[in-house]
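First up is the structure itself, then whatever we jot down about it.
Laboratory data are not the source of any read-out in this text; all were calculated from the coordinates shown. Just so you know, these numbers come straight off a predicted model, no measurement behind them. Neighbour counts run over all protein chains shown; Cβ positions are idealised from the backbone, glycine included.
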């Protein structure tokens, strides 16, 4: 089996069991249950030998996650997605809304990657390209894909060190107290930080105001942007989970799009800056609307 990801254990305050240390370390297998399965299936190596759940590690160990034989048996499907950037090491795609990145379902971004992307010519090319991070099911926009084991590991490191700079565009509802701010509000007792900037606003009969905002996540907690904007009283338009009672927008999905990415390519040491065009539904609200439409916001769409 080929190497999927690798990890160098830093010096630990006290020894930990392998099965306790690994959850959250690897991108491909992050949950405790998944790690236990990977160890049981002999997919985890410590310093070149098969790792066991009971093995204690203290720091300095080289841990490798091997590809699963099941990867070869996974389905391949066709989904029409824009490839914004691609080389032998990584790719960046524009994910449509309403598709999960990975999971047990057939229709996932991950299952579409083998037919969407060009095969890598690198020696450590993955059997199947691997998403380096996640976008929520209703969120659209830029998604980074690793095509080699070395690149997946390097991308993980960039994310850990907060060296991949992401910009999201969203529409929020209600009057915003500040045109820009720094939100530092923990999520599930973990640090969560988001900066935002108001770009444009229009009056709305139903929502008082609709706001076009740019969001800059510093950390990457699950649902972070949606939780933070709801927390300051300006939930995202179309959010069916974090919303104000009686002010849900239905039928047009979530107005959240991963618009820009900026990072140093971890293999070829080149600055990567890419931008994705906003979905048409954003422009319907904030570009070319008549005065009467602006007063009504998007109530006519619901």
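Determine which residues of the range 223-254 fall in the zone a paramagnetic label at residue 208 would reach in this model, i.e. backbone nitrogen under 16 Å from the point 7 Å along Cα→Cβ.
229-237, 243-248
Shape of the range 51-199 from its Cα gyration tensor (a ≥ b ≥ c, root eigenvalues): rounded if a/c is under 1.5, otherwise prolate when a/b > b/c, or oblate?
oblate
Helix 149-160 against the longest principal axis of the chain: what's the angle in degrees, Cα atoms only, rounded to the nearest 10?
Roughly 50 degrees between the two axes.
Just one of (1) 28, 49, 20, 3, 0; (2) 27, 31, 26, 16, 0; (3) 30, 53, 16, 1 is P(r) over Cα pairs in 20 Å bins from 0, in percent calculated from these coordinates, so which is it?
Correct label, based on the coordinates given: (3).
Going 7 Å from the Cα of residue 102 in the Cα-to-Cβ direction, what parts of the range 120-138 have a backbone nitrogen less than 11 Å from that spot?
128-134
Can you sort 250, 157, 134 from fewest to most other Cβ atoms within 10 Å of each residue's own Cβ?
Listed from fewest to most nearby Cβ atoms, that is 250, 157, 134.
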